[in-house]
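Note sheet for the following structure.
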Amino acid sequence: MADHKISRRTLLTGTAAAGALSLTGLPARAEVNWKKYAGTKLEVILAKGPRGDNLQKYVKEFTELTGIQVESEQIPEQQQRQKCVIELTSGRPSFDVVHISYHVQKRQFEKAGWLADMTPFMKDPTLTAPDLVESDFSAAGLQYAKNDKGQMLSLPWSVDYFILYYNKELFQKKGVAVPKTLDEMLAAAEKLTDAKEGTFGFVGRGLRNANMTLWTNFFLNYGGEFLDAKGNILTDGPEAIEATKLYQALLTKVAPPGVAGFNWMESMASFTQGRSAMWIDGVGWAPPLEDPAASRVVGKVGYTVVPAGPKGQYSATYGDGIGIPAASKNKEAAYLLCQWIVSKQQGARLLQAGGGVPFRSSILNDAEVQKGVKTKEWLQSVIDSGKISKLGLPVVIPVAEFRDIVGAAITATLSGADPATELKKANDQFRPILERSEKA
Amino acid sequence: MSTLIQSTPAAAQSDAAPEKELRPPSYWPFVVPALVVVLAIIIFPWVFTIWMSLNEWKVGSATTFVGFSNYLRLTSDPRFIEAIGHTLVYTVLSVLLPLVFGTFAAVVFHQKFAGRGFLRGVFIMPMMATPVAIALVWTMMFHPQLGVLNYLLSLVGIPPQLWVFHPATVIPSLVLVETWQWTPLVMLIVLGGLAAIPTEPYESAQIDGASLWQVFRFITLPLIMPFLFIAGMIRMIDAVKSFDIIFAITQGGPGSASETINLYLYSVAFIYYDLGYGSAIAVVFFLLIVLLAAVMLYARQRMLWTEIASDA
């Protein structure tokens, strides 16, 4: 008997091994060889913003881990998009890793075949850490990253949900409850508007193109779909008209004057000055709103999901990804970097700084990570929005034209034009552009 | 100087070589660099633009020759037609207003008074600033709720205006910025003109008892006309291709109320990546500028004739 006694040490070793096995999920799974591409030099092109900052701040850790040198540059979004497209068209891009705005570029990049397929890399245990699995990304993220053949052409990096910011102080002063539906929101905004005092119930993007990201929240909640099964654009149907009527009412009756020219910057200025009680915009604005140097509403901001419409409750979702050009000569090394960019640690840092929201649920739902987020109410609105997320723009090539044309129609309704007529006109103008783009 | 003189005999010697008749003109190697530069950076891009405008040329997809269909598309593109209108209104206003104010300022600064040099310096400062920086400052000044302009209006009891945030007032507001920035340029040119006017006509006008307005209308204005013309020409070229201020302040909005041809061209070529159609717009835009310049040259020519006629 004594011979068969399991020693304390053997037991411990055995448990540790079993634990390790259960962690990796697969027995005898190979380790990621992080150092395999040591000495490689990667070029990264980033859109300017908190995501890029987060990468550049910690990229030394990646170099220490892998021995791969990383050169990165941040360019303002508009220019970055242009530069990428021009370089990718040339067939010899100067970068190995590219930052993509899914809601604008997904279809364009797919159709042109500019991105390398990451699926084989993700299946290779010597390249992919065991915790990086497809199912960890949210549905919206996978929808953005995969093409119609199911290939992963990028890794989803940061998601942008639209949420409702509201000024608790103004709500209390007027005795108004936080709206649960869009109708309640309009009614609340009416009560909160006090033109004499110069405070208004609602503020949001009115500027052509930019306004589409706000409008689609209403459109989706009124049951709208962008495209039918044949790929025809549907933004002149009854849902679109109803959504536009609400948009028109909000931005003409209960919003500050001049809102037709507002982008997020002007809207945020009005909200942070305490001049507007509600604002629907991207999730990333908590840091400036809670910054005493830039905001008069610090500690008074409420965060919640976009109110429900008659046909459902959705948060219009946009997002960024990180991909590798098909023409890159350092794809494996670039993949290691992409993987590190969406890693748990980097994602946690991004979330805790308020600079973005990772697409990976293992990060969002991690209690430790959550503890590090300063504004709990904001985090809750993020988690809740994730459950009702829906893509905020049609996945077509001419997204910019769509935003410009339909956006102009919607802005026109703010100076009194009829929603149905304007949307019809915009659709007639956009349809041939869409057809041309898919034909080519 | 001495080297030049020394080299002359050497050159003369080579002239005396037997193959003198077959030798190409000696100046042509000196023309080549200029010719290459002109071909490469002026002629080639133009020919290429025209070629692109005849193709369906979208970034990321194949190009196909489509003849004049891009141009046909222009005729039924409401955004393009509106953009022509916006460009013309914007150009006319931002030529006329700086001319009027600049002339007035020049007449004022032509008088002798204490601190004139300093004030002239202050007055031309807007011209020295970077347009995009100016645009950002003005954007905040235009803000209907928080901007300083509405605050100033409220001091004199005028209700707040929407400035660049309303389709009806956006172009005049942009012209305001343009006028603020470029009036000093007109002033400088006209000031130069004023300095060249002899004093005798003024003295005789004074003796004849002409009023200030008469002196300006019948002496100053005709004499500075050539200078005004130059200033107008420079302003027109600048205004018609104006991009930075409009782009930074409104990006062509609200809606497309301040979208000029230049802004639309930028959107089509670099945001929609429709290079063929964008090139067609560029060609039409170029023709429009040539036309405007021709009209101005014609006007200048006529003015010269009337001057000659009145001299005779």
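The values are calculated or read from the model by the stated rules, or taken from the named source; none is laboratory data. None of the values given here were measured: they were computed from a predicted structure. Here the Cβ is made from the backbone with ideal geometry for all residues, glycine too, and neighbour counts use every protein chain on show. Ligands, DNA and RNA are stripped out before the accessible areas are found, and what is left, the full protein with its side chains, is counted by its heavy atoms. Shrake-Rupley method; radii C 1.70, N 1.55, O 1.52, S 1.80 Å.
For the stretch B:138-161, name all the residues that are within 12 Å of another protein chain (Cβ to nearest Cβ), part of a loop (DSSP other than H, G, I, E, B) and either out of contact with any Pro (no Cβ under 8 Å at 6 or more places or on another chain) or open to solvent by 80 Å² or more (accessible area, probe 1.4 Å) (or both).
Hits for the stretch B:138-161 are B:143, B:146, B:147, B:159, B:160.
For the stretch A:385-440, which positions are open to solvent by 50 Å² or more (accessible area, probe 1.4 Å), of a type in the set (Asp, Glu) and part of a helix (DSSP H, G or I)?
A:428, A:435, A:438
Just the residues that are within 24 Å of residue A:85 (Cα to Cα) and β-branched (Val, Ile, Thr), please, taken from the stretch B:48-77.
B:49, B:50, B:59, B:63, B:64, B:66 - these are the residues of the stretch B:48-77 that are within 24 Å of residue A:85 (Cα to Cα) and β-branched (Val, Ile, Thr).
Any residue that is touching a residue at least 40 places away in the same chain (Cβ under 8 Å), under 23 Å from the mean Cα position of the chain (by Cα) and more than 27 Å from residue B:166 (Cβ to Cβ) - is there at least one of those in the stretch B:237-258?
Checked against the condition, which is being touching a residue at least 40 places away in the same chain (Cβ under 8 Å), under 23 Å from the mean Cα position of the chain (by Cα) and more than 27 Å from residue B:166 (Cβ to Cβ), the stretch B:237-258 yields at least one hit.
Please specify each residue of the stretch A:369-378 satisfying the condition of being assigned to a helix (DSSP H, G or I), surrounded by fewer than 22 Cβ atoms within 10 Å (Cβ to Cβ) and touching a residue at least 12 places away in the same chain (Cβ under 8 Å).
Across the stretch A:369-378, the qualifying residues are A:369, A:377.
Identify all residues within the stretch B:76-102 that are away from chain A (no Cβ under 14 Å) and of a type outside the set (Val, Ile, Thr); write none if there are none.
Residues satisfying the conditions are B:85, B:88, B:90, B:93, B:94, B:96, B:97, B:98, B:99, B:101, B:102.
In the stretch A:273-287, which residues are touching a helix residue (DSSP H, G or I) at 6+ places or on another chain (Cβ under 9 Å), within 14 Å of another protein chain (Cβ to nearest Cβ), of a type outside the set (Gly, Ala, Ser) and open to solvent by 10 Å² or more (accessible area, probe 1.4 Å)?
If the condition is that a residue be touching a helix residue (DSSP H, G or I) at 6+ places or on another chain (Cβ under 9 Å), within 14 Å of another protein chain (Cβ to nearest Cβ), of a type outside the set (Gly, Ala, Ser) and open to solvent by 10 Å² or more (accessible area, probe 1.4 Å), then A:275 is the only one that fits.
So which of B:280, B:299, B:205 is more than 14 Å from every other protein chain (Cβ to nearest Cβ), modelled with pLDDT under 90 and open to solvent by less than 50 Å² (accessible area, probe 1.4 Å)?
Result: B:299 is the single residue among B:280, B:299, B:205 that is more than 14 Å from every other protein chain (Cβ to nearest Cβ), modelled with pLDDT under 90 and open to solvent by less than 50 Å² (accessible area, probe 1.4 Å).
Does residue A:216 count as among the polar types (S, T, N, Q), touching a strand residue (DSSP E or B) at 6+ places or on another chain (Cβ under 7 Å) and either away from every other protein chain (no Cβ under 14 Å) or more than 26 Å from residue B:166 (Cβ to Cβ) (or both)?
yes
Based on what the data block shows, is residue A:224 farther than 14 Å from residue A:399 by Cα and more than 13 Å from every other protein chain (Cβ to nearest Cβ)?
Yes.
Here's the yes/no breakdown for (1) β-branched (Val, Ile, Thr); (2) open to solvent by 50 Å² or more (accessible area, probe 1.4 Å); (3) within 14 Å of another protein chain (Cβ to nearest Cβ):
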residue	(1), (2), (3)
A:144	no, no, no
A:177	no, yes, no
A:182	no, no, no
A:207	no, no, yes
A:220	no, no, no
A:231	no, no, no
A:234	no, yes, no
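Just the residues that are at the interface with chain B (Cβ under 7 Å from one of its Cβ atoms), farther than 21 Å from residue A:187 by Cα and surrounded by fewer than 23 Cβ atoms within 10 Å (Cβ to Cβ), please, taken from the stretch A:255-272.
Across the stretch A:255-272, the qualifying residue is only A:269.
Restricting to the stretch A:344-365, and then to whatever is polar (S, T, N, Q) and surrounded by fewer than 22 Cβ atoms within 10 Å (Cβ to Cβ), can you tell me which residue is farthest from residue A:96 (Cα to Cα)?
Restricting to residues being polar (S, T, N, Q) and surrounded by fewer than 22 Cβ atoms within 10 Å (Cβ to Cβ), the top hit is A:365.
Could you say which residue among A:411, A:375 is within 14 Å of chain B (Cβ to nearest Cβ) and of a type in the set (Ser, Thr, Tyr)?
Result of the check over A:411, A:375: A:411.
Residues to consider are A:77, A:110; find the one that is at pLDDT 90 or above, within 13 Å of another protein chain (Cβ to nearest Cβ) and over 22 Å from residue A:37 (Cα atoms).
A:110
Filter the stretch B:232-276 down to the residues that are charged (D, E, K, R) and within 17 Å of residue A:405 (Cβ to Cβ), then identify the one that is surrounded by the fewest Cβ atoms within 10 Å (Cβ to Cβ).
That would be B:274.
Residue by residue through the stretch A:66-100, note down the ones that are surrounded by fewer than 15 Cβ atoms within 10 Å (Cβ to Cβ), out of contact with any strand residue (DSSP E or B) (no Cβ under 6 Å at 6 or more places or on another chain) and not polar (S, T, N, Q).
A:76, A:86, A:91, A:92
Out of everything in the stretch A:288-327 that is in contact with a Pro (Cβ under 6 Å, 6 or more places away or on another chain) and closer than 18 Å to residue A:144 by Cβ, what residue ends up being surrounded by the fewest Cβ atoms within 10 Å (Cβ to Cβ)?
Here the residue is A:325.
Tally up the residues in the stretch B:51-72 that are touching a residue at least 60 places away in the same chain (Cβ under 8 Å), within 13 Å of another protein chain (Cβ to nearest Cβ) and more than 28 Å from the chain's Cα centre (by Cα), please.
The total comes to 8.
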